[in-house]
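Here the structure is laid out as structure tokens; the discussion comes afterwards.
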Amino acid sequence: MKKIRTIAELGTLRAALERERESAKVWISVSNETCARANGSDKVIAALDEELRKQGLADQVRVKGTGCSGFCDRNPMVVVFPKEIAYQRVSPDDAAEIVGKTLIKGQVVERLLHHDGKGHAVQHEADLPFYRYQKRLVLRNHGRLDPTDITDYLASGGYTALSQALTMSSEQVIEEISRSGLRGRGGGGFLTGRKWKSCREAHGETKYVICNADEGDPGAYMDRSVLEGNPHSVIEGMIIGAYAIGARMGYVYVRAEYPLAVTNLVIALQQARDCGLLGENILGTGFNFDIRVNRGGGAFVCGESTALMASLEGRVGEPEVKHIHTAESGLWEKPTNLNNVETWANVPVIINKGADWFASIGTEKSKGTKIFSLVGKINNTGLVEVPMGTPLREIIYDIGGGIPHGKKFKAIQTGGPSGGCVPEELLDLPVDFDRLTEVGSMMGSGGMIVMDEGTCMVDVAKYFTGFLQDESCGKCVPCREGTAQMRQILSDICEGRGRPEDIDLLEELGHVVQDTSLCALGGTAANPMLSTLRHFRDEYEAHIFDHRCPAGVCTALIRYTIDVEKCNGCGVCAKQCPQNGVSGEKKQPHSIDQHLCIRCGICREVCRFEAILVN
Amino acid sequence: MPTLTIDGQQVTVPEKTNVIEAAKTLGIEIPHYCYHPGLSVAGNCRMCMVEIEKAPKLAIGCFTPCTEGMVVFTNTEKVKQARKDVLEFLLSNHPLDCPVCDQAGECWLQIYYMQHGQYESRMMENKIKKSKKATSIGPHVNLDQERCVLCGRCVRFCDEITKTHELGIFGRGNREELDVFPGKQLDNRYSGNVVDICPVGALTDRDFRFQVRVWYLGVQDSVCPGCSRGCNIQIHYNRNRPHHGHGRRVARLKPRYNSHVNQFWMCDEGRYGYKFVDAGDRIISPMLRRGAELQMATWGETLAASAERIRAVNPSQIGVIAWPQLTNEELYLVRRLFVDGLGCKNVSFSVPSKKDGGGDDFLITADKNPNTRGAGEIGLPIADSTGDILQAASRGEFKLLHIFGHDLLSSGLDQPLVESALAATETVIFQGSNSHLTVDRADIVLPSATFAEKSGSFTNFEGRVQRIHEAVPPLGDALPDWQILNRMARALEMGWDYQGTEHIFKELAENVAAFSGLSYCVLGDQGELLGYKPTNEAHIPTEPVTTVII
Amino acid sequence: MNSSPEHNKRDYGLWQRTYVPEVFGGLAITARHFFVNLKNHIRRLIGRKDAAPGAVTFQYPEQRRPLAPRLRSLHRLTKREDGSPRCVACMMCETICPARCIYIVATEHPDPNIEKMPEQFTIDLGRCVFCGYCVEACPEDAIRMDTGILEFASYTRENMIYTIDQLLSHETAKPDAQDTQ
């Protein structure tokens, strides 16, 4: 790729690329992110290529491995352009049919279409209910772009924001971001414009910008998806940020467990460098900036800004106490601006569309859109980008398609492990930074784990507290010892050893850990336990006082019995029981030997007559 | 200079002072583990929580700088509860080792728990087993990982003060443990300090291990005699339980804070260099040579014999080799007795040592004597160097040599010269504390006290005059050098008699210009520089006196 | 307060001051005991097992008084399963001892989980006041005063000094020794 020397040259190149894309209208996109690859998207691409070659269409129709457009549950998704016919859960064996029917004959393969609840097939991607209620700014090009090809990004209007920003003064760029009301998407919700401004105004020649891609929340993968599917949007945002702040060096701190994100990012950076969009004298403006990729060692706490910077400097990744904001003294004690992947990816959108347009989306204090990873007991698992202020109910039922198997919704856990659980009565809560904090949860980086009635909230609290205890760096006492104690007490409750005073003790410990910890990990470590205690206290009490797990999860507190009325003696459970603990005459109601039962629940799963009771 | 209110009392402190230090000036102690005034702030123990008006949460005192008009409370219910809870956390994973732990009695976990603790256990204390218990990690330091509260002071000490980086904290969460880096030993020249700053019994002193329980120890302020830096120390002595510590009366030395000299630290050489005080080679009785043998004698006999021999010779036939291990007061008496009194002209004090002292750019100096500067200021040597005196002696010019302390036969001096000088001199009087080769060649031996057994003052290389105090009485019949000189002067009918070291120092200050204006009162416990100009105001110590340093 | 001999003097009545009647009263008590005992002894001798035991005098040393379970007798050091002393030389007993009769010298234990043990543990019984504070203070249950040994008189002071080996060799008093009649 030729080096682009001026802004005008970039414009010419883009125009040429757009024309080129215009001429090749028929093409196939196959989502090829980690989530799709796990379901064999690689093989689908190969099969499609092979089929096209066989049919002699290889020159006319391009098969593009793209980012995941969010409906991860249905991957690999294959979309045939220009009609945008979306096929779900495509296997390599379907390649011949897709090419033969759709491409050649112009017919639709019904069986691969999405079928909504009423059995209607949906042809076009945009009509899928999953997408219909979303407003996709950051994810707008996911599923359209080949992340390893910068020309794709350029042709879709990429780096126009950079061109524009470079014609503005730094102050104007910061002003634009400030006016947009963009808040940090990593969880803190700090106003990005203000952060940039204080970093710009901080003393010192050398300044840094950092992209925080150390996404460690269980069940959250927005940042991974953005880096895998559209790395250039992040790079563009960082260049604009660096220009505004006056930084000459940027770092992306990304989890080593995201190999594809690292690969795509490194390719994208090299392409940007080759094009002259990174490096010395960017687009002839005299502005110099480059980005390096740094892979994290897998510590959750390194998502905390001071720990991340310590890790970048080569020290132990532990948070530090700081008087001064990192904007004034951060990496190597130089002014440093750290933003999350999603925040950076929002920057080009704002510059392109204008601050006022961006500020018109969302609520009074939370502007724009937010990506959530909607996982757990939900029909449509995937990444969801909605305007701030969208009610939880809409996200869960309209976009997420509700709870599978007709079960009852119980709670939604937002904000990752440090977040909290929101119960059903608060489902109409508009999701924004402040409202979630009010109910004892938080926005976090945007994880949403849906739980149904079969989820034990004490068990959930135990799981997340355990996660945080494992991830506690051990530097400060309350987090190091407090999380271990909370985990111990929660395990005791789950295993039937709960003591009546444990609830009060847990609450006390939780507040101590919250109030006295050094960093945000400790400061929020009690959230899962405190928020479940707040909304589901009765479950704790049932565990402790009645020795009963209402959701039937905690094995020490449940008993499996057979409903004599319903059991018809089919014997399936007896065959499956690993302990040979089910016995009974054929065609007669069976019974379970409680001494042998290890409460694995297999009998309940295999019983087709719902004859196995849990109590 | 912000003015703030702490627990209702107003105080004005220098910029950037933290709340712990500000409270200290008011005599309010804010409990803490990881904070140490000599190290950077880590803020991880969460013990120094204070309540600050208008602040949403409790703040840590170590990391909160004082600002104008700040209102701090250190003793509210909320603060007390936070301390109690943090202590409970610390204890929930701390072994019940107190009976065998050397730190017991001076352990800040014990002390704060007694003050602020939650006395009943509410938790399941599943203590984490760690790999290193009672393991030596260097020549002087023992590590017990289970007792460690992971405050990181020792790590910061090795990173910031010695810059040798031997220690690190490994692992994470409650599996975190302190250890030396693989292949490393904690063997820097200041390693003993990590024991002092360890608030618990995780790092203990191998030399002191199991010697004496700390509550049997008495404490006396002194100055390290190991080199010319004159680090301020405390002598910890055991006088009541002689069966402990194999009879060692001086159990250990600890650094004492002095901002002008050593801050909070001392070197290992000085720290473990006190063993000569209770060593088996101590001379515990005056001795006279009768025939070929040195035999025990009384002070009366020995002093009379010395006086007789001194009187018998011409002062120009007397050579005196004084000792820079002597205090200013004693060196002054050497001058009064031999120079001013007898008119002796051949007085020296410095003897080169065999090996290089190995000074560094922190505390250790190459000169291993605490009072070389003082000896020079007091006016010794008069004319010649020790080498010249020995040359003259070997030529048979001296009838009497009075040697203080030095082992000339193991020194850096030309050995044949020493041999011939000792052989050619009729009477050799040796005055010192420990026996060595030179003592065997003496005709009269006067046993003197060590630095731990006498009072007085040393002048360090910068000219800071600092007090030492008697911690234990002189061993056997030994006497402080000033008393020996005083008695000798009496035997020689010099016409002077001193009541104590303060008496001598007063006269020293009057007669030696460099010391003018100084007195024991002016010296205080932090010392004062030579050339001191008294102001009209009453003498106020420049720094608050820190006796307990953690 | 006022403890002068004057104050403590009893006031004797006329009856007491006449002296002789009191003497006979005393003799009568002695005689009664003598004859009651004589009767009891004889009844036992002739085989009346139900009769009350006669003598109030124990035929020491052949016969010993029963020991109260809480009696503080000669010290012993308790042992671990392997026979080594439980004592970890923490010096609690030495510190609390009001008579300063315990002398401990500590040394390293080969097992780092025990860490410390006594090299010497000496009790000077010539000084001991049998207060039992050492037993109370011990955090390891390493010292007890339950040997039941009460006879340790000696002709020399040196023999009153008990070393660690002696203290370890003592056993707890046997229950039957306490029941000796």
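Against the test of being out of contact with any helix residue (DSSP H, G or I) (no Cβ under 6 Å at 6 or more places or on another chain), loosely packed, with under 15 Cβ neighbours inside 10 Å and among the β-branched types (Val, Ile, Thr), the options C:122, C:57 yield a single qualifying residue, C:57. Screening the candidates A:343, A:326, A:336 for the property of being of a type outside the set (Lys, Arg), surrounded by 24 or more Cβ atoms within 10 Å (Cβ to Cβ), without any contact (Cβ under 8 Å) to a residue 60 or more places away in the chain and not assigned by TED's automatic domain parsing to the domain that holds residue A:73 yields one hit, A:326. Would you mind finding the one in A:443, A:448 that is under 18 Å from the mean Cα position of the chain (by Cα) and at pLDDT 90 or above? Going through A:443, A:448 in turn, the sole match is A:448.
Taken together, B:286, B:352, B:324 contain a single residue that is surrounded by fewer than 19 Cβ atoms within 10 Å (Cβ to Cβ) and of a type outside the set (A, V, I, L, M, F, W, C), which is B:352. Checking B:183, B:171 one by one, the residue that is within 14 Å of chain A (Cβ to nearest Cβ) and more than 26 Å from residue B:458 (Cβ to Cβ) is B:171 and no other. Among the residues of region A:128-153, the ones that are surrounded by fewer than 18 Cβ atoms within 10 Å (Cβ to Cβ) and either farther than 29 Å from residue A:359 by Cβ or among the hydrophobic types (A, V, I, L, M, F, W, C) (or both) come to 2 in all.
With respect to the conditions (1) more than 14 Å from every other protein chain (Cβ to nearest Cβ); (2) free of Cβ contacts under 8 Å to residues at least 24 places away in the same chain; (3) not polar (S, T, N, Q), residue C:105 falls short on a single one, namely (1). Here region B:69-126 is the region considered, the condition is being more than 14 Å from every other protein chain (Cβ to nearest Cβ) and either at positive phi or among the polar types (S, T, N, Q) (or both), and the residue that is surrounded by the most Cβ atoms within 10 Å (Cβ to Cβ) is B:74. Reported count of residues in region A:394-443, each being closer than 23 Å to residue A:188 by Cα, in a helix (DSSP H, G or I) and not aliphatic (A, V, I, L, M), is 8. Looking only at region B:186-207, which residues are part of a loop (DSSP other than H, G, I, E, B) and either away from chain C (no Cβ under 14 Å) or surrounded by fewer than 24 Cβ atoms within 10 Å (Cβ to Cβ) (or both)? Scanning region B:186-207 gives B:186, B:187, B:188, B:189, B:190, B:191, B:192, B:198, B:199, B:200, B:206, B:207. Considering (1) buried (at least 22 other Cβ atoms within 10 Å of the Cβ); (2) in contact with a Leu (Cβ under 9 Å, 6 or more places away or on another chain); (3) hydrophobic (A, V, I, L, M, F, W, C); (4) within 14 Å of chain B (Cβ to nearest Cβ), the lone condition that residue A:509 does not fulfil carries the number (2).
The residues listed here are C:146, C:111, C:141, C:165; of these, the one that is of a type in the set (D, E, K, R) and assigned to a helix (DSSP H, G or I) is C:165.
Quick one: is residue B:61 more than 11 Å from chain A (Cβ to nearest Cβ), crowded, with 19+ Cβ neighbours inside 10 Å and touching a strand residue (DSSP E or B) at 6+ places or on another chain (Cβ under 8 Å)? Judged against the criteria, residue B:61 is a match. Quick check: is even one residue across region A:458-479 away from chain B (no Cβ under 14 Å), surrounded by fewer than 24 Cβ atoms within 10 Å (Cβ to Cβ) and farther than 21 Å from residue A:134 by Cα? Checked against the condition, which is being away from chain B (no Cβ under 14 Å), surrounded by fewer than 24 Cβ atoms within 10 Å (Cβ to Cβ) and farther than 21 Å from residue A:134 by Cα, region A:458-479 yields at least one hit.
If you check A:452, A:432, A:504 for being within 14 Å of chain B (Cβ to nearest Cβ) and surrounded by fewer than 24 Cβ atoms within 10 Å (Cβ to Cβ), only one passes: A:504.
The numbered conditions (1) more than 11 Å from every other protein chain (Cβ to nearest Cβ); (2) surrounded by fewer than 24 Cβ atoms within 10 Å (Cβ to Cβ) are all true for residue A:515 except (1). Residue-level analysis places residue B:390 outside the set of residues that are on the phi < 0 side of the Ramachandran plot and touching a Phe, Trp or Tyr at 6+ places or on another chain (Cβ under 6 Å).
Residues in region B:244-260 that are away from chain C (no Cβ under 14 Å), in contact with a helix residue (DSSP H, G or I) (Cβ under 8 Å, 6 or more places away or on another chain) and either among the acidic types (Asp, Glu) or assigned to a strand (DSSP E or B) (or both): B:250, B:252, B:253, B:254, B:255.
From the list B:280, B:247, B:270, the one residue that fits, being farther than 30 Å from residue C:120 by Cα, of a type in the set (Gly, Ala, Ser) and not assigned by TED's automatic domain parsing to the domain that holds residue B:459, is B:270.
The set of residues in region A:215-234 being modelled with pLDDT of 90 or more and either small (Gly, Ala, Ser) or assigned to a helix (DSSP H, G or I) (or both) consists of A:222, A:223, A:224, A:225, A:226, A:227, A:228, A:229, A:231, A:232, A:233, A:234.
Every residue, every condition in (1) more than 23 Å from residue B:24 (Cβ to Cβ); (2) aliphatic (A, V, I, L, M); (3) part of a loop (DSSP other than H, G, I, E, B); (4) touching a strand residue (DSSP E or B) at 6+ places or on another chain (Cβ under 6 Å), yes or no:
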position	(1), (2), (3), (4)
B:54	yes, no, yes, no
B:69	no, no, yes, no
B:80	no, no, no, no
B:83	no, no, no, no
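Here the condition is being under 23 Å from the mean Cα position of the chain (by Cα), within 9 Å of chain B (Cβ to nearest Cβ) and not in a loop (DSSP other than H, G, I, E, B); of C:94, C:136, it holds for C:94 alone. Only one residue in A:412, A:403 is out of contact with any Pro (no Cβ under 6 Å at 6 or more places or on another chain), more than 14 Å from chain B (Cβ to nearest Cβ) and closer than 17 Å to residue A:539 by Cα. Which one? Just one listed residue meets the conditions, A:412.
Residue A:401 fulfils the conditions (1) of a type outside the set (D, E, K, R); (2) surrounded by fewer than 24 Cβ atoms within 10 Å (Cβ to Cβ); (3) in contact with a Ser or Thr (Cβ under 8 Å, 6 or more places away or on another chain) except for a single criterion, (3). Region B:414-494 holds strands (runs of 3 or more DSSP E) entirely within its bounds, and those carrying 3 or more residues that are under 18 Å from residue B:321 (Cα atoms) and not aliphatic (A, V, I, L, M) map to B:427-432. Would you check which residues across region A:164-204 are farther than 13 Å from residue A:340 by Cα, in a loop (DSSP other than H, G, I, E, B) and under 27 Å from the mean Cα position of the chain (by Cα) and list them? Result: A:181, single match. Only residues that are of a type outside the set (A, V, I, L, M, F, W, C) and more than 17 Å from the chain's Cα centre (by Cα) were counted across region A:205-216, and they come to 4.
The values are calculated or read from the model by the stated rules, or taken from the named source; none is laboratory data. All values derive from a computational prediction rather than experimental measurement. Backbone-built Cβ (ideal geometry, glycine too); neighbour counts: all protein chains shown.
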